[in-house]
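Here's the structure, in structure tokens; my notes come after.
The values are calculated or read from the model by the stated rules, or taken from the named source; none is laboratory data. Remember, it's a predicted structure, so these values are computed and weren't measured experimentally. Note that we place each Cβ from the backbone using ideal geometry, even for glycine, and neighbour counts take in every protein chain shown.
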Amino acid sequence: MNSQGEQKDLAFVHQMVGQTSTISDADFELYRNWIYQSAGISLTPTKKALVVGRLSSRLRELGVTTYRDYFEYLTTFTNQQERKLEQQRVINLLTTNETYFFREEAHFTYIQHSLFAAWAGQPIRCWSAASSTGEEAYSLAMLLDSHYPGRWQIVGTDINSQVLHIASQGIYPMLRHEHIPQVYLKKYCRKGIGSKQDTLKIVHSLRSHVKFERANLQRSLDDLGLFDLVFLRNVMIYFDKSTKQRVITNVASRLKNGGILLIGHSETLNGLDCNELQLLQPSIYQKRSNAD
């Protein structure tokens, strides 16, 4: 049986029928402020069409007529668990996830030729901090499994629960294989059969070294432990300066002294307070050994 509150919520949804309207400037500001507070994502006024495009189908599913009504539903749903699920759905819809295997290949070359020797076969932990659908984490896993003699573990995190589900399954469209070196493709990927013939799956022996979980980079990350290597690539471009500062402070706190941070080639930490990080070369930073 539904509680009276849940019945009220359902009635609220069903009474709002008809076509989804366009979003007003005032309503866009509500979503803009909410996604900033929830995920640190800064939506410029030019992103109104993106919000409409990504949320309109959800409004139609619920029978909600206006974006203001949906926002009230999103933020005042009586059932707290259902409200959290709905809010996560919106975060999933409004976050951008673009990645591919062995993206920015120079970083993987640097890891193999500069870091493996420094690690000297010691057990290492690596973190793909904005892992999206997992291609970055599995690319690193292929490299480590093939060339690193010591034990290793990879943690992949993202704020988007939908992409984490894809990552944990390790199943991708066959077209995504083009950047995977042939030797890795044969060793670590299996072609689907029958109705799944257009897909590839990462082998279990590799997936067992990679763990995915949800994390908000703006908040405390202490539960993740410390890492020898962190990927934080192509994510800060979506943040304003204050959010970037929170994120880089939180992420740097998870680096071991002497640990390496990799950011996107088009990104920079200029203007941020991160004196504990020393620039080694463009997009590659090291946490100073005397850092707290």
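Selection of the stretch 167-184 for residues being closer than 21 Å to E104 by Cβ and in a helix (DSSP H, G or I) yields A167, L175, R176, H177, E178, H179, Q182, V183, Y184.
Select the helices (runs of 4 or more DSSP H) contained entirely in the stretch 74-148, then report the ones holding at least 3 residues which are farther than 30 Å from L55 by Cα. Once the helices (runs of 4 or more DSSP H) in the stretch 74-148 are filtered for at least 3 residues that are farther than 30 Å from L55 by Cα, what remains is 105-110, 116-119, 135-147.
Results for (1) farther than 30 Å from Y172 by Cα; (2) in contact with a helix residue (DSSP H, G or I) (Cβ under 8 Å, 6 or more places away or on another chain); (3) among the acidic types (D, E); (4) not assigned by TED's automatic domain parsing to the domain that holds S266, shown as yes or no for each residue.
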| site | (1), (2), (3), (4) |
| --- | --- |
| S38 | no, yes, no, yes |
| A49 | no, no, no, yes |
| G53 | no, no, no, yes |
| S57 | no, no, no, yes |
| T65 | yes, yes, no, yes |
| T78 | yes, yes, no, yes |
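Considering the stretch 74-115, the residues that are among the hydroxyl-bearing types (S, T, Y) and in contact (Cβ under 8 Å) with a residue 24 or more places away in the chain include one that is farthest from S38 (Cα to Cα), namely Y110.
Selection of the stretch 114-133 for residues being surrounded by fewer than 17 Cβ atoms within 10 Å (Cβ to Cβ) and at positive phi yields A120, G121. With respect to L59, determine if the residue is buried (at least 18 other Cβ atoms within 10 Å of the Cβ), assigned to a helix (DSSP H, G or I), touching a residue at least 24 places away in the same chain (Cβ under 8 Å) and hydrophobic (A, V, I, L, M, F, W, C). When the stated conditions are applied, L59 passes them.
Checking each residue in the stretch 115-138 for being within 22 Å of R103 (Cα to Cα) and out of contact with any strand residue (DSSP E or B) (no Cβ under 7 Å at 6 or more places or on another chain) picks out F116, T133, E135. Scanning the stretch 225-238 for residues that are part of a helix (DSSP H, G or I) and either buried (at least 20 other Cβ atoms within 10 Å of the Cβ) or in contact with a Cys (Cβ under 8 Å, 6 or more places away or on another chain) (or both) yields one hit, M236.
The residue that is modelled with the lowest pLDDT, counting only those in the stretch 208-219 that are over 14 Å from C126 (Cα atoms) and surrounded by 16 or more Cβ atoms within 10 Å (Cβ to Cβ), is Q218.
From the list D222, D198, D158, the lone residue that is out of contact with any Pro (no Cβ under 8 Å at 6 or more places or on another chain), farther than 26 Å from N257 by Cβ and either crowded, with 22+ Cβ neighbours inside 10 Å or not basic (K, R) (or both) is D158.
Taking the condition basic (K, R), assigned by TED's automatic domain parsing to the domain that holds G259 and assigned to a helix (DSSP H, G or I), does K201 pass? No: the conditions fail for K201. Scanning the stretch 239-287 for residues that are in a loop (DSSP other than H, G, I, E, B), over 18 Å from D222 (Cα atoms) and in contact with a Gly (Cβ under 8 Å, 6 or more places away or on another chain) yields a count of 2.
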